[in-house]
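Asks: What follows is a structure written as structure tokens; I'll ask about it next.
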């Protein structure tokens, strides 16, 4: 029998759990630890510039997705998130073995939150070499609008009108 999945806002008690439960895996962000990065995210959430959604069941945390209304100073990209009517979905990560439907539910919930904030366009950036994620973004109704080089990869940017 499958356990019930809950979607909620991330909180400070999730900092260690996101790593321990296997949601945030792999190498740590450039020049900081996962803990430092999550603390920054939570600070931005308290400031109203970001919403961090987590999915959880009886086994622990399953996934995380962020809705970014405005980027921190120094990371401005008004085509991706402008703090007014364009917001970006960022950092969808799921624990290994988590059903794809959990990610879809997080995207749906983030979209509802965006509409409440009068967001008209959602954007999403994905590594160009992640064909599976790009296919999923297209299934959610996103279309590509630009390619941008990063130091270690190429990013594909997608957008979707939600108003």
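All of the numbers you see were taken from the coordinates with simple rules; none came from a lab. Quick caveat: nothing in here was measured; it's all calculated off a predicted structure. Reconstructed Cβ throughout: ideal geometry from the backbone, glycine too, with neighbour counts over all protein chains shown.
Asks: Once you place label points 7 Å from the Cα toward the Cβ at residue 108 and residue 96, how far apart are they in nm?
Replies: Between residue 108 and residue 96, the label points sit 2.8 nm apart.
Asks: Let's test the formula: R0 of 35 Å, r as the Cβ-Cβ distance of residue 85 and residue 133. What FRET efficiency results, to the nearest 0.05?
Replies: Plugging the Cβ-Cβ distance into 1/(1 + (r/R0)^6) gives 0.90.
Asks: Can I ask one more? Once a ≥ b ≥ c are taken as the square roots of the eigenvalues of the Cα gyration tensor of segment 6-123, is the result rounded (a/c under 1.5), prolate (a/b larger than b/c) or oblate (a/b not larger than b/c)?
Replies: Oblate shape, in that a/c is at least 1.5 and b/c is the bigger or equal ratio.
Asks: Further question: Distance from a point 7 Å along Cα→Cβ of residue 43 to each backbone N in segment 14-28: keep the residues under 20 Å and list them by number.
Replies: 14-19, 28
Asks: While we're on this one: Let me have the relative contact order for segment 16-90, percent, based on Cα pairs under 8 Å that are six or more residues apart.
Replies: Dividing the mean separation by the residue count of segment 16-90 yields 23 percent.
Asks: Also, quick follow-up: Suppose the chain between residue 59 and residue 140 were pulled fully straight at 0.36 nm per residue; how much longer would it get relative to their current alpha carbon spacing?
Replies: Extra length from residue 59 to residue 140 when fully extended: 26.5 nm.
Asks: Moving on to the next point. Be a star and scan segment 87-102 for residues whose amide nitrogen sits under 13 Å from the point 7 Å along the Cα-to-Cβ vector of residue 25.
Replies: Counting only backbone N, you get 93-99.
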